Structures are given as structure tokens and as C-alpha cells.
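Below is one structure, written out as C-alpha cells; the observations come after it.
The values are calculated or read from the model by the stated rules, or taken from the named source; none is laboratory data. Worth saying up front: this structure is predicted, and the values here are computed from it rather than measured. Every residue, glycine among them, receives a Cβ derived from its backbone with ideal geometry; neighbour counts consider all protein chains shown.
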Amino acid sequence: MSVPERYIQEIKDRPSSISSESLQASLQIPIIDFSLLAKGDEHETRKLDLACKEWGFFQIRNHGVQVKILQKMKAAMAAFFELPLMEKKKYAMGANDLEGYGQAYVVSEEQKLDWCDLVALKTLPLEQRNLNFWPLNLPGFKEAVEEYSIEVQKVAEEINANLSILMGMERDGLKRYQGELKQLMRMNYYPPCSSPDLVFGVSPHSDGGSLTVLLQDDDVIGLQIKHKGEWIPVKPIPNALVVNIGDAIEIMSNGVYKSIEHRAITNEKKARISAAAFAHVDDELEIGPLDSMVDDPHRPPMYKKIKYIDYIRQVLARKMDGKDHTDLVKIQT
Ligand code: OGA
Ligand code: NI
């Protein structure tokens, strides 16, 4: 009934209530018809380009992932979070671990906590799975996550193919550069909170990887993105998926595509569940602006090259303090 101290944000950080302007702006978040994109439709490709430049976020319809698969995934996540705490703790995340059940990015005793439970699993490639983190005795869980993760990776790959063309390469340009994409599935559970104005479901951050595809609750609004200095809610469209550009693509695109700061707020009455599929590159890959996105002296490289794992380590060490992650590698001019 009362919110524990460690979850209460400083007054300056607390989420403000949603204004009517921001609800209005919410209607402008681009909605892309994925089936047209996959056919190479020029108009839709241009829409994707603008969405990644101006919003860094968009929703996709007709993404080809069957509704049945989305529903099974949601049911599997709900079933997991309903397990007794003792049972969930069998899959607990260790210190410095990115996988397992727990809370995200707890780096210090003083740090504020997010009003969120999560389970994160390495889902792709298959050989990187650690099945000891998977609740294998929960009926249907493994099949549901497996099926969904494969489908959603196809979506991420198609978007990457389109981005490759938009960035002046062949369809397989990003794939060649990034190698086979990996996937970390972060399943979030936001319990109802008696004072949603005091806490964050997820505090402001940008995603470090290449692309994120988010499956969100159809009924409960939670996700907000920063656009022109305002926090704009991303209203769920039933059975659509939300896609956002991560830091790695921002860097590779030499700053043309934006990895936008976002956060999730909680709801007083209803729990909310989401699944974020992070498509990310190999730890050892050196990321930097792509040759096709650099045009000295008109558009010099704006980011330093850095090994992906070193970048992620620095981001985590700095916690999730809003969106200055890419500043770590920005070349000062
Ligand atoms: C994330 C994230 C938002 C949400 O997991 O990185 O931003 O709505 N989640 O769950
Ligand atoms: Ni995120």
C-alpha cells in the first residue's frame, strides 16, 4: 500500500502526468505496414527512414507474426510471473549477470529501484541458451518463447535489410557488417503501484543494441518516449509490435538514425507485461560509423570506433542515467 523508500524517485526525476498535448502527439508516432516494407514498397521505406530519423520509434502492423504466437508468448510470461517467489528465484540472476530472474541494472546500494520484475534470457543463437535459467517445468513456456523469438528475429532482420538499403548498401549490408544478430529477450512484469507518480517501471534509458522489438500489453499504457523534449506515451495498438533503434545503429548510421530515450511508468490498478527482444551484435565486433554514412568533409564521422562489449560495459557502469550513452563515443566538435 505504501511505496518502499528505495523505489521513490527524487522529486526532480518523478514522472509527470500525461498532458493532453502528449496524448495528441502520441497519434503521430509512425505506424508502418511491415508487409509493404517486405515487398520493397518505396513509400513505406521512406516512412521507415523518417521514423528512424525523427522518432527512433515506430509501431509495425502486418508483421507476419501470428496472433496465436503473440498470445502464447503473453500467456507464458504471465504464467511465469504468477509462480511463487521461491520458484522464480530458482532462476535468479547472479551478480553481474544479464540473464535470469531479478531486477535490471542494480549497481549500487543507494540506487533507486525500478518497479519491475524481469526475466532475461539469451534466446538466439540456439547454442547460446543457458537452459538452467529457463523454467522448463512450466508447461508451454519454452515452446512459446522459442517460437516467438524466432519469429520476432525475422522481423528485426527484415527491418535491418531495409535500413541497409536506406544507408546506401545492399540488403545484406548490415548483416555482413554485424554478423548474425543475437537476441536477448527481456520479459518485464510491472506490478500495479499505489503511487505511479513516485516510481518508474523502467527509468529513462536508451537500448544499447542494434534494434529492439517490443511486445506490449494491449490494454495498459506504460511506455513513453522522449520526443522534442516531451515524454510521449506509445499507445498500444492490439497485436502490433513496437520497434526502436538502439545505440549500435545510431553509431553505425553516423547519427542519422536515433536511439531515443524511453521509460515505462506503472499503473495504479493493473499489472503490465512486456517482452523486449534486443537484437544485438557480437561482443567482439568493433562498431563505428559505416563507410556509406561518412562523407568527409560534409559529414565527418561523429562517433569513435569501439568494441561493442566495451561500449556496453561503460553504459552499464554508468547505470541507466538517461540518454547520454552515445555521448561516451561521440567525437566532440
Ligand atoms: C526495455 C524497455 C519498455 C516497456 O525493456 O528496455 O524499454 O514498455 N521496456 O516495457
Ligand atoms: Ni528499453
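Cβ-Cβ distances below 7 Å connect the following pairs, each with a first residue in segment 284-298 that is in contact (Cβ under 8 Å) with a residue 60 or more places away in the chain and farther than 11 Å from N254 by Cβ, a second residue that is small (G, A, S) and exposed (fewer than 13 other Cβ atoms within 10 Å of the Cβ), and a separation of six or more residues or different chains: L285/G179.
Screening segment 174-201 for residues that are aliphatic (A, V, I, L, M) and part of a loop (DSSP other than H, G, I, E, B) and picking the one that is farthest from ligand 1 (Cβ to nearest atom) gives L198.
Pairing residues of segment 213-224 that are among the small types (G, A, S) with residues that are part of a loop (DSSP other than H, G, I, E, B) and within 16 Å of ligand 2 (Cβ to nearest atom), at Cβ distances under 6 Å and at least 6 apart in sequence or on separate chains, gives G222/G201; G222/I265. On the given criteria, is I287 more than 12 Å from ligand 1 (Cβ to nearest atom), under 25 Å from A104 (Cα atoms) and either touching an Asp or Glu at 6+ places or on another chain (Cβ under 8 Å) or not charged (D, E, K, R) (or both)? Yes; evaluated as a whole, the condition is true for this residue. For segment 18-27, filtering for residues that are under 30 Å from A161 (Cα atoms) and in contact with a strand residue (DSSP E or B) (Cβ under 8 Å, 6 or more places away or on another chain) leaves 2. Tell me yes or no: at least one residue of segment 230-245 is more than 16 Å from ligand 1 (Cβ to nearest atom), modelled with pLDDT of 95 or more, within 16 Å of the chain's Cα centre (by Cα) and on the phi < 0 side of the Ramachandran plot. Within segment 230-245, not a single residue is more than 16 Å from ligand 1 (Cβ to nearest atom), modelled with pLDDT of 95 or more, within 16 Å of the chain's Cα centre (by Cα) and on the phi < 0 side of the Ramachandran plot.
Applying the criterion of being in contact with an Asp or Glu (Cβ under 7 Å, 6 or more places away or on another chain) and at pLDDT 90 or above to the residues of segment 1-23, the residue that is nearest to N267 (Cα to Cα) is P15.
The number of residues in segment 207-218 being in contact with a strand residue (DSSP E or B) (Cβ under 8 Å, 6 or more places away or on another chain) and either within 10 Å of ligand 1 (Cβ to nearest atom) or acidic (D, E) (or both) comes to 8.
Conditions (1) more than 16 Å from ligand 1 (Cβ to nearest atom); (2) assigned to a helix (DSSP H, G or I); (3) closer than 30 Å to K112 by Cβ, marked per residue:
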residue	(1), (2), (3)
E250	no, yes, yes
S259	no, no, yes
I273	no, no, yes
D282	yes, no, no
S292	yes, yes, no
P301	yes, no, no
I309	yes, yes, yes
I312	no, yes, yes
T326	no, yes, yes
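Kindly indicate whether any position in segment 136-153 is assigned to a loop (DSSP other than H, G, I, E, B) and under 30 Å from K305 (Cβ atoms). No, segment 136-153 contains no residue that is assigned to a loop (DSSP other than H, G, I, E, B) and under 30 Å from K305 (Cβ atoms). Listed by first and then second residue, the pairs with beta-carbon distance under 7 Å, at least 6 apart or on different chains, first residue in segment 250-262 and touching a residue at least 12 places away in the same chain (Cβ under 8 Å) and of a type in the set (F, W, Y), second outside any loop (DSSP other than H, G, I, E, B) and within 16 Å of ligand 1 (Cβ to nearest atom), are Y257/I245; Y257/I249; Y257/E250. Within segment 38-52, does at least one residue satisfy the condition of being of a type outside the set (F, W, Y), touching a strand residue (DSSP E or B) at 6+ places or on another chain (Cβ under 6 Å) and farther than 30 Å from W231 by Cβ? The answer is no; no qualifying residue exists.
Assess whether P204 counts as being within 16 Å of the chain's Cα centre (by Cα), modelled with pLDDT under 95, surrounded by fewer than 24 Cβ atoms within 10 Å (Cβ to Cβ) and more than 9 Å from ligand 1 (Cβ to nearest atom). When the stated conditions are applied, P204 passes them. If you go through segment 99-129, how many residues are over 15 Å from I8 (Cα atoms) and among the charged types (D, E, K, R)? Of the residues in that region, 5 qualify. Note on segment 186-201: among residues that are surrounded by fewer than 23 Cβ atoms within 10 Å (Cβ to Cβ) and under 27 Å from A79 (Cβ atoms), the one that is farthest from ligand 2 (Cβ to nearest atom) is S194.
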